[in-house]
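The next block holds one structure in the form of structure tokens; read it before the comments.
Derivation of every value follows stated rules applied to the coordinates shown; laboratory data play no part. This is a predicted model, so every value here is computed, not measured. With ideal geometry, Cβ positions are generated from the backbone for all residues, glycine too; neighbour counts draw on all protein chains shown.
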Amino acid sequence: MNWLRDPHGEFSQWEPIADRDEVGVCVSHLQAKSGLAQSTVSSYMATLERAGLVRSTRIGKWIHYKRDEDMMSRLAEALRGTQGVSSTSPAGTPAG
């Protein structure tokens with residue numbers, strides 16, 4: 001997710017297939033940078049897409065992924081809201 005925050009900087013060694021600002025990073029570039037199998041990267045990215053954290057766009061035979069910044073902001077806000085939550089269970093006994 002951090003790589004997708006700065007696609008121009010993180011993927012500067014690869015020639016973009018499409019506008020990174022508009023559609024994000026090609027899965028082949030994610031695969032090359034990570035060193036993981038293309039199928040593994042695709043599976044991880046599909047999971048992130050189902051969670052709403054990234055959006056995909058097909059350009060020809062290539063899938064590009066871009067962070068959903070609105071969802072990332074909402075997630076960060078929700079996580080900030082949990083900082084004040086006690087570490088006790090609903091019954092008042094310590095969790096764990």
Relative to the longest principal axis of the C-alpha atoms of the chain, give the angle of the C-alpha long axis of helix 38-50, reported between 0 and 90° and rounded to the nearest 10°. 50 degrees
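Give the average over all directions of the projected area of the C-alpha convex hull of the chain, one decimal, in nm².
Numbers: hull surface 33.0 nm².
Hull-based average projected area comes out at 8.3 nm².
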Angle in degrees between helix 69-81 and the longest Cα principal axis of the chain, rounded to the nearest 10: 20 degrees
Taking the Cα centroid of segment 1-30 and of segment 59-75, what is the distance between the two, rounded to the nearest whole Å? 11 Å
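What dipole magnitude, in Debye to the nearest 20, does the chain give about its Cα centre under +1 on Lys/Arg Cβ and -1 on Asp/Glu Cβ?
Values: 11 positive and 11 negative charges, 57 e Å.
With only Lys, Arg, Asp and Glu charged at Cβ, the dipole is about 280 debye.
Please pull out the direction-averaged projected area of segment 1-54, using the convex hull of its alpha-carbon atoms, in nm² to one decimal place. Don't jump to the answer; show the numbers that get you there.
Numbers: hull surface 14.2 nm².
It is 3.5 nm².
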